[in-house]
1. So which of 71, 81 is outside any helix (DSSP H, G or I) and under 28 Å from residue 126 (Cβ atoms)?
2. Here is a check on your reading of the model: is residue 24 surrounded by 10 or more Cβ atoms within 10 Å (Cβ to Cβ), within 21 Å of residue 72 (Cα to Cα) and modelled with pLDDT under 90?
3. Based on what the data block shows, is residue 65 part of a helix (DSSP H, G or I) and without any contact (Cβ under 8 Å) to a residue 24 or more places away in the chain?
4. Kindly indicate the residue of segment 111-156 that is part of a loop (DSSP other than H, G, I, E, B) and within 14 Å of the chain's Cα centre (by Cα) and also farthest from residue 59 (Cα to Cα) among those meeting that condition.
5. Which of the residues belonging to segment 53-84 are over 18 Å from the mean Cα position of the chain (by Cα) and buried (at least 17 other Cβ atoms within 10 Å of the Cβ)?
6. Please state which of the following conditions residue 127 fails to meet, knowing it meets all the rest: (1) closer than 16 Å to residue 15 by Cα; (2) in contact with a helix residue (DSSP H, G or I) (Cβ under 8 Å, 6 or more places away or on another chain); (3) crowded, with 16+ Cβ neighbours inside 10 Å.
């Protein structure tokens, strides 16, 4: 095994121990490292850039780690445990994602912590009945972010107008500006999430399409075969359709 291969193995081993923390015994870590390289063998053989290889391996290792944490967390919650170490680790893993999603989409910086805590509470509440893999869990976390951000936005928009209401009174409707702003928040979040659901290779192919280039032009600019670009774009579309379908 070359020095570079050993460095990649060490990278995956470290990643497993970061995500699983004290829930990762040596046998579990070895199993996940072995499975990670097995799953990514074909991708690694076609990838030259070392940074891309590291991203591929980390993503695959995260899949297995989060799947294991989900199993442990659901078992803990079903057993009635009030605090689950696995759930804490799931939230720790997604916390940077939650903050990156929340921070640019709230009006006031002082609301960031409040909205992020709301997201964490929503995720914890739903994990008991969540069934899916890591990629679907990220979509679930994003939807929790979206709901918390929009609820916070609506509260801030109406705070100055709220008064005690009689039984026949209704809340004042949002004005056109508020409705438009809410729409902008939702659209921006959808676009942001769309890219985060894709692999680096798929994002490159999507960029070629969004810039209005043909696959032949993309091949000329990037040095990536046009058939490869088209295949990555088509796989990206399948992921986005699944993530934003009505039955998700």
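1. The unique qualifying residue is 81.
2. Criteria met by residue 24.
3. no
4. 132
5. Within segment 53-84, 53, 72, 73, 74, 76, 77, 84 qualify.
6. (1)
For every residue, the table says whether it meets (1) modelled with pLDDT under 80; (2) touching a strand residue (DSSP E or B) at 6+ places or on another chain (Cβ under 6 Å); (3) surrounded by 13 or more Cβ atoms within 10 Å (Cβ to Cβ).
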position: 148; (1), (2), (3): no, no, yes
position: 165; (1), (2), (3): yes, no, no
position: 189; (1), (2), (3): yes, no, yes
position: 209; (1), (2), (3): no, no, yes
position: 220; (1), (2), (3): no, no, no
position: 231; (1), (2), (3): no, no, yes
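The values are calculated or read from the model by the stated rules, or taken from the named source; none is laboratory data. Predicted, not measured: the structure shown is a model, and the values here were computed from it. Neighbour counts are summed over all protein chains in view; Cβ atoms, including those assigned to glycine, are modelled from backbone coordinates with ideal geometry.
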